[in-house]
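Worksheet: one structure, shown below.
Throughout, read-outs are computed from the coordinates displayed, never taken from laboratory work. Since we're looking at a predicted model, the values are computed, not measured. Methodologically, a virtual Cβ is constructed for each residue, glycine included, from the backbone with ideal geometry; neighbour enumeration extends over all protein chains shown.
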Amino acid sequence: MIADQHRNEFIGNEAHANTNLLHDGDRSLAAFDDAALAGQSIVTAAESMGLGAVFLGSILNDAQQVIDLLHLPKLTFPVFGIAVGYPNEKPDLKPRLPLKSVHFENCYQEPDKDTLDAYDQTIQTYYAQRSSNNRTETFRHHIIHDMQVSPKKRSEILSVLNWQGFFLKN
Ligand SMILES: Cc1cc2nc3c(=O)[nH]c(=O)nc-3n(C[C@H](O)[C@H](O)[C@H](O)COP(=O)(O)O)c2cc1C
């Protein structure tokens, strides 16, 4: 899935319009929103046809190489990949955070320690008992690990985003 303001820039250039705002935070976010929304629609459509799909953020382990391989012009960026195919296994459904942790009414609700404790317990049991790729990990372990290690190339993502022309101005 590619965030794309390049086409809009092309149209602007054709009309000799000022295309500067295409580099701002608002337009940059919109391009990423579009790609993510279209991606989820593709996954939903694939699953409705009996296919399976996996989002692949791993393409960002070397965003620049993906940009080079796909000949992505300025004002485009690879948001994520999607692998689609016929599943050869039926993984157990992962238990989700309770609805009250992700759906708030009127204003943001701070995370609740007891709910996280309970979910840690649930997810630890799920990881220990699921039919493949067993792990001994809680939700919090996973989150804390994830915030402390990053593939080397991913630390360059903001620079690559800026180089591609995104998030350059307010
Ligand atoms: C933005 C994003 C990027 C992801 N990147 C990868 C990836 O690179 N490799 C992978 O195996 N799973 C990746 N996943 C996770 C799988 O797609 C995952 O199976 C899917 O989100 C379903 O999650 P669940 O196990 O919580 O149901 C990613 C998920 C998201 C939302």
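Once the Cα-Cα distance is subtracted from the 0.36 nm per residue extended length, the residue 134 to residue 10 segment shows a gain of 39.7 nm.
Here the Gaussian network model covers the chain, with springs between Cα atoms less than 10 Å apart; of 116, 60, 93, 93 fluctuates the most. If a spin label sat at a point 7 angstrom from the Cα of residue 162 along the line to its beta carbon, the backbone N atoms of the range 8-44 nearer than 17 Å would be those of 23-26, 28-29. Sequence-distant contacts, meaning Cα pairs under 8 Å at least 6 residues apart, place the relative contact order of the chain at 30 percent. If you plug the beta carbon distance of residue 114 and residue 65 into 1/(1 + (r/R0)^6) with R0 = 45 Å, you get a FRET efficiency near 0.50. Projecting label points 7 angstrom from Cα along Cα→Cβ for residue 103 and residue 83 puts them 3.2 nm apart.
Working from label points 7 Å from Cα in the Cα-to-Cβ sense, the residue 153 to residue 32 distance is 1.9 nm. Exposure proxy ranking for 145, 6, 71, based on other Cβ atoms within 10 angstrom of each Cβ and starting from the fewest, stands as 71, 145, 6. About its Cα centre, the range 21-129 has a charge dipole of approximately 260 debye under the convention of +1 per Lys or Arg Cβ and -1 per Asp or Glu Cβ, with nothing else charged. Within the same chain, lysines fewer than 8 places from residue 113 are excluded, and of the rest, those with a Cα less than 21 Å from its Cα are 94, 100. Would you calculate, for the chain, the mean residue ellipticity at 222 nm contributed by helices, counting each DSSP H stretch of 4 or more residues as -39,500 (n - 2.57) and dividing by all residues, to the nearest 500? Result for the chain: -14000 deg cm²/dmol, rounded to the nearest 500.
Two tests apply to each whole DSSP H helix in the chain, Cα reach of 15 Å or more along its axis and mean Kyte-Doolittle hydropathy of at least -1.0, and the ones passing both are 25-48. The spacing between the range 22-78 and the range 100-123, judged by their C-alpha centroids, is 29 Å.
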